[in-house]
Amino acid sequence: MTAPIIRKGHPKDLPALLALIQELAAYEHAADQVEITLETLEKEGFGDTPLFYFLVAEIDGQVVGTALYFHTYSTWKGRVLYLEDLVVQQSFRRLGIGKLLFDGLVQEAQQLDAKRLCWQVLDWNTPAIQFYKKIQTNFDSEWINCKLTATQIQNYSSTHGA
């Protein structure tokens, strides 16, 4: 096995990206919740205005991990990168590939002069939490995560008078 190569993702990597997304969903006990398709990933990742970017970890020509991120903005600070998901195929975990992907994302943030790099971690994902503690992550106990589902967004006007 050769050393992993970390590089930006390309359209040809989308089938591997989708497989990693599905593997992550299974790991998070939510395999039935993946709705994204290859067509959507291609349109939204490689269209005129990409909505996301991703790094891949490649070993011997095989994509074995990814870090999917996007740009967001802080009204107080400026450019922010948001790490949506970092996943490594189960058979390649505990080899330092996740750290290499994270390092690549930090390098991207540095090159873009990002003022923050943000992400979330599930409270039961002990291996990820231990990794984040090793790199001296700030765990934020002040902010509460909020979201509206697609159904709630669609029904918002009729239920809330907007």
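Every number in this text was worked out from the coordinates using simple rules, so none of it is lab data. Computed from a predicted structure; not experimentally measured. Every residue, glycine as well, gets a Cβ built from its backbone with ideal geometry; the counts of neighbours run over all protein chains shown.
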#### Entry: Part-to-part distance (alpha-carbon centres) for the stretch 88-162 and the stretch 1-75, which is given in Å
14
### Task
Run a plain Debye calculation on the chain (Cα atoms as equal point scatterers, no solvent) and give log10 I(q)/I(0) at q = 0.20 Å⁻¹, rounded to two decimals, same order as the q list.
-1.56
### Message
If I fit a long axis through the Cα atoms of helix 97-111 and take the longest principal axis of the Cα atoms of the chain, what angle between them do I get, 0 to 90°, rounded to 10?
### Response
60
### Task
Please build a GNM for the chain, connecting alpha carbons under 10 Å apart, and tell me which residue among Ile97, Ile135, Ile21 fluctuates the most.
Ile135
### Task
Taking the Cβ of Glu23 as the centre, find all other residues whose Cβ is under 13 Å away and add up their charges (Lys, Arg: +1; Asp, Glu: -1).
-1
### Sequence-separation-based contact order of the chain, relative, with Cα cut under 8 Å and 6+ spacing, percent
18
## Note on the structure
For 60-66, 151-157, 138-144, 82-88, ranked highest to lowest by mean beta-carbon neighbours within 10 Å, the order is 82-88, 60-66, 151-157, 138-144
### Query
lysines near Lys147 by alpha-carbon distance under 23 Å, same-chain residues fewer than 8 away left out - which ones?
Lys77
### Task
Treating cross-link reach as a plain straight distance, find the lysines whose alpha-carbon is under 18 Å from the alpha-carbon of Lys43, omitting any fewer than eight places away in the same chain.
Lys8, Lys12
### Query
In cubic angstrom, how much convex hull volume per residue do the alpha carbon atoms of the stretch 78-127 span?
78
### Query
Could you name the aspartates and glutamates in cross-link range of Lys99, using Cα to Cα under 16 Å and dropping any fewer than eight places away on the same chain?
Glu58, Glu84, Asp85, Glu108
#### Entry: Other-chain or far-sequence residues with amide H under 5 Å of Glu84's (modelled H)
Leu68, Tyr69, Phe70
#### Entry: In Hz, Karplus ³J(HN,Hα) per residue of the stretch 26-34 (6.51, -1.76, 1.60; θ = phi - 60°; x = Gly, Pro)
5, 4, 8, 6, 9, 4, 6, 9, 6
### Query
Could you work out the helix-only [θ] at 222 nm for the chain, with each DSSP H run of four or more residues adding -39,500 (n - 2.57) and the total divided by the number of residues, to the nearest 500 deg cm²/dmol?
-11000 deg cm²/dmol
